[in-house]
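For reference, the structure discussed in these notes is given below.
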Amino acid sequence: MRPRAIVVGSGAGGATAARALQGTFDVTVLEAGGAFRPLSFDLGTIERLKRSRLLFDPRLIRVPFPAMHARRTPEGMVIVNGSCVGGTTTIATGNGLRMDQDLRDLGLDLDEEFEEVGREIPISTGHRRGWHATTRRLFDVFEELGLDPVPMPKMGDPERCRHCGRCVLGCPEGAKWDARRFVQDAVRLGARVVTRANVQRLVVEGGAATGVVAIEGLRRRFHPADLVVLAAGGLGTPPILERSGISCDRTLFVDPILTVAGRRSRAWQCKEIEMPFVAQRDGFILSPYFDYLSYLLEATWKAPARDLVGVMIKIADSNAGAVSAAGVEKGLSGTDRSRLDEGVAFCREILLRFGIEDGRTFPGTLNAGHPGGTVPLTEAEMTTMHPSRLPENVYIADATLLPQALGNPPILTIVAIAKRVARVCVEQVTTPA
Ligand SMILES: Cc1cc2nc3c(=O)[nH]c(=O)nc-3n(C[C@H](O)[C@H](O)[C@H](O)COP(=O)(O)OP(=O)(O)OC[C@H]3O[C@@H](n4cnc5c(N)ncnc54)[C@H](O)[C@@H]3O)c2cc1C
Ligand code: SF4
């Protein structure tokens, strides 16, 4: 009989780990959310929803769109994640960048894993062929300002992309890659997925986990395991550890973003692939973005969607914040604020050159969707991939392990880390003692 592995969460890290572990282990994936369904509302319905002001609280977004969870921190930042099979990758914009320099500096060489990722996930900038006039003009403006923009590598199939702009609402064309593909692979290999299984805590005896307890509907259920891989994401893994008596650090990062927008008649940025290109600056990135979250939440974003043009700043924030079963605490440090101010100045300049009148730009909602960093891997743990505070047969395979904010798309890096974690776990079973 094969040893049993429980993988908690089916996002970037969980799906990768489940796929790699199945075969050596009998894998059961426990996922708190249900099957993913894209938001089906058309633009007209979304505009009516905005005008109704029914979405005065970001938590209400999950009523029409159950996969998207959003909440405001006491400090005023809206933090977003996906809760469904495929996790946050289902509502991601499909950006695929390798961002492992910090890990490499600590001694973790993920070259082999990234080579595998390159064979398994199609990544291309072929979407550039379909860019609309607004995007082409914005690209020229970025170049004129010396910002060195480059087309964003996207995970998926550019031939199927219709440039509909709905990436964060769930790709209706199946053009965007998301982690459900790895979940399907794992299931084909024999893994089991239990949805709406909200894992509460580990059960630990004598320094090792014997399984996990999950709430499934009205039931509390024990799932026995020989190996537990926690991949509930940067917001999901810490509360499970806390309820298991294992503390996490107050080093949460989230990569805050702010979109500055202006009005330009029939710009139709809302019908363009999200984040088509990117400019890397010191500590932040700039990218064109139609920000649905700000559009829905901000009363000042009054223009019809077709007339809005936005540019986003995403910063690599300080490791200062906490997540627990009680909620998320996250504000901006002084450095974060000055990075954001610098980015806002660039956005205004870009929009001005694009043709939006000076003084007629408006900021959106400060929000974030790359949480992690509260059980950061240390140099000493790079070989074992096992944080010393965990029971011996419990691993983490998600953004929780990242030592620093990337200020950039993390999915590929999380996938590579999860592959390494799974490899370590497989080798423990297959390598003779
Ligand atoms: C709007 C948006 C756009 C983004 N775009 C990009 C992009 O273009 N490129 C990129 O690289 N990154 C992007 N990101 C970030 C990226 O999607 C996430 O950083 C990444 O998916 C995190 O992977 P993860 O495995 O750590 O967690 P997740 O993918 O969030 O997966 C965690 C899973 O665990 C489940 N879970 C949580 N708690 C429990 C529990 N107690 N029991 C059982 N299951 C649980 C959740 O339901 C979820 O399915 C975006 C994020 C957002 C919000
Ligand atoms: S623009 Fe539309 S078709 Fe293209 S990846 Fe995004 S959601 Fe899919």
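Values in this text are rule-based calculations from the coordinates and carry no lab data. Owing to the predicted nature of the structure, the values given are computational and were not obtained by experimental measurement. Don't worry about glycine lacking a Cβ; one is built from the backbone with ideal geometry, like all the others, and counts go over all protein chains shown.
Roughly speaking, what is the centre-to-centre gap between the stretch 280-303 and the stretch 377-419 when only Cα atoms are used, to the nearest Å?
29
Farthest toward the dipole's positive end in the stretch 135-226, which of GLY174, ALA225, PRO153, given Cβ charges of +1 (Lys, Arg) and -1 (Asp, Glu) about the Cα centre?
It is ALA225, whose Cα lies furthest towards the positive end.
Just add up the charged neighbours of GLY96: K/R +1, D/E -1, any other residue whose Cβ is under 11 Å from the Cβ of GLY96.
My count for the surroundings of GLY96 gives +3.
Taking the C-alpha atoms of the stretch 59-180, how large are the radius of gyration and the largest Cα-Cα span, Dmax, in Å?
Reported Rg and Dmax, both Å: 17.1, 45.
What aspartates and glutamates sit close enough to LYS154 to cross-link, taking a C-alpha to C-alpha distance under 14 Å and skipping anything fewer than 8 places away on the same chain?
GLU120, ASP178, GLU272, GLU274
Amide H neighbours of ASP26 under 5 Å, at least 5 residues apart or on other chains, H built in the peptide plane: list them.
Result for ASP26 returns ARG4, ALA5.
Please compute the length gained on full extension between LEU145 and PHE56, using 0.36 nm multiplied by the number of residues separating them and subtracting their Cα-Cα distance.
Gain in length upon complete extension: 28.3 nm.
Using all C-alpha to C-alpha distances in the stretch 365-433, build P(r) with 10 Å bins and read off the rounded percent in each one.
19, 49, 23, 7, 1, 0
Show me the GluC sites (Glu not before Pro) within the stretch 9-104 that DSSP assigns to loop and that have at most 12 other Cβ atoms within 10 Å of their Cβ.
GLU75
Return the lysines within reach of LYS330: Cα separation strictly under 26 angstrom, same-chain partners fewer than 8 residues apart disregarded; answer none if there are no such residues.
LYS314
For a quick check, take a GNM of the chain with Cα springs below 10 Å and name the residue from PHE277, PHE139, PHE56 with the largest mean-square fluctuation.
Comparing PHE277, PHE139, PHE56 in the GNM, the peak value goes to PHE56.
GNM, the chain, Cα, under 10 Å: largest mean-square fluctuation among LEU49, LEU202, LEU235?
LEU49
To the nearest 0.05, how large is the calculated FRET efficiency for GLN101 and SER124 if R₀ is 25 Å and r is the Cβ-Cβ distance?
Step by step, r from the Cβ atoms, then E = 0.65.
Please state the charge dipole magnitude for the chain, taken about the Cα centre, from unit charges on C-beta atoms (+1 on K and R, -1 on D and E), reported in debye and rounded to the nearest 20.
Here the chain has a charge dipole of around 1940 debye.
Once you order the gyration tensor axes a ≥ b ≥ c over the Cα atoms, which shape class does the chain get: rounded for a/c under 1.5, otherwise prolate or oblate by comparing a/b with b/c?
Verdict is prolate for the chain.
Using only the alpha carbon atoms of the stretch 215-306, find the Kirkwood hydrodynamic radius as the inverse mean reciprocal pair distance, in angstroms to one decimal.
In the stretch 215-306 this quantity evaluates to 17.9 Å.
Please list the helices of the chain that count as membrane-span-like by this rule: a mean Kyte-Doolittle hydropathy of at least -0.5 together with Cα atoms stretching 18 Å or more along the helix axis, each helix being a complete DSSP H run.
Counting only whole DSSP H runs, the qualifying helices are 334-354, 411-430.
Rounded to the nearest 20 Debye, what is the dipole magnitude of the stretch 164-229 about its Cα centre when Lys and Arg each give +1 and Asp and Glu each give -1 at the C-beta?
Magnitude of the dipole: close to 240 debye.
Charges only on Cβ, +1 for Lys and Arg, -1 for Asp and Glu: so what's the dipole of the stretch 181-321 about the Cα centre, in debye to the nearest 20?
For this selection, approximately 560 debye.
Using Cα pairs closer than 8 Å and at least 6 residues apart in sequence, work out the relative contact order for the stretch 203-359, in percent.
It rounds to 23 percent for the stretch 203-359.
For CYS84, list long-range residues whose amide hydrogen, built 1.01 Å from N in the peptide plane, is under 5 Å from its own amide hydrogen.
Under 5 Å from the amide H of CYS84 lie the amide H atoms of GLY33, each far enough along the sequence or on another chain.
Counting pairs of alpha carbon atoms under 8 Å apart in space and at least six apart in sequence, what relative contact order in percent does the chain give?
24
Using modelled backbone amide H atoms (1.01 Å from N, in-plane), which distant-in-sequence or interchain residues come within less than 5 Å of ARG264's amide H?
Amide H to amide H, under 5 Å and 5 or more residues apart or across chains, ARG264 pairs with LEU308, VAL309.
What is the distance in Å between the Cα centres of the stretch 228-245 and the stretch 76-136?
First find each Cα centre; the distance between them is then 23 Å.
Under the rule of -39500 (n - 2.57) per DSSP H run of 4 or more residues, summed and divided by the residues of the chain, what mean residue ellipticity at 222 nm is obtained, to the nearest 500 deg cm²/dmol?
Calculated from helices alone, the mean residue ellipticity at 222 nm is -8000 deg cm²/dmol.
Kirkwood hydrodynamic radius of the stretch 1-123 from all distinct Cα pairs, in Å?
Radius from the Kirkwood sum: 17.4 Å.
Assuming 0.36 nm per residue, please report the length gained on full extension of the stretch VAL344 to ALA325 beyond their Cα-Cα distance.
Working it through step by step, the gained length comes to 3.5 nm.
Go through ILE257, GLY44, GLY372 and say which Cα lies farthest out towards the positive end of the charge dipole of the chain; charges sit on Cβ, +1 for Lys and Arg, -1 for Asp and Glu.
Value: GLY44.
So what's the Cα pair-distance distribution over the stretch 147-293, bin width 5 Å, in %?
Over the stretch 147-293, the share of Cα pairs per 5 Å bin runs 2, 7, 11, 13, 13, 13, 12, 11, 10, 5, 2, 1, 0, 0 percent.
Mind giving me the FRET efficiency for GLN280 and GLU115? R0 is 25 Å, r the Cβ-Cβ distance, nearest 0.05 is fine.
According to the calculation, E is roughly 0.60.
From Cα coordinates alone, what are the radius of gyration and Dmax values for the stretch 265-366 in angstrom?
Computed over the Cα atoms of the stretch 265-366, radius of gyration and Dmax are 15.0, 47 Å.
What does the charge count near LEU241 come to, summing +1 for each Lys or Arg and -1 for each Asp or Glu among other residues with Cβ under 9 Å from its Cβ?
My count for the surroundings of LEU241 gives +2.
Where the eigenvalues come from the Cα gyration tensor of the stretch 276-430, what are the semi-axes √(5λ) of the equivalent ellipsoid, largest first, in whole Å?
For the stretch 276-430, the semi-axes come out at 38, 16, 15 Å.
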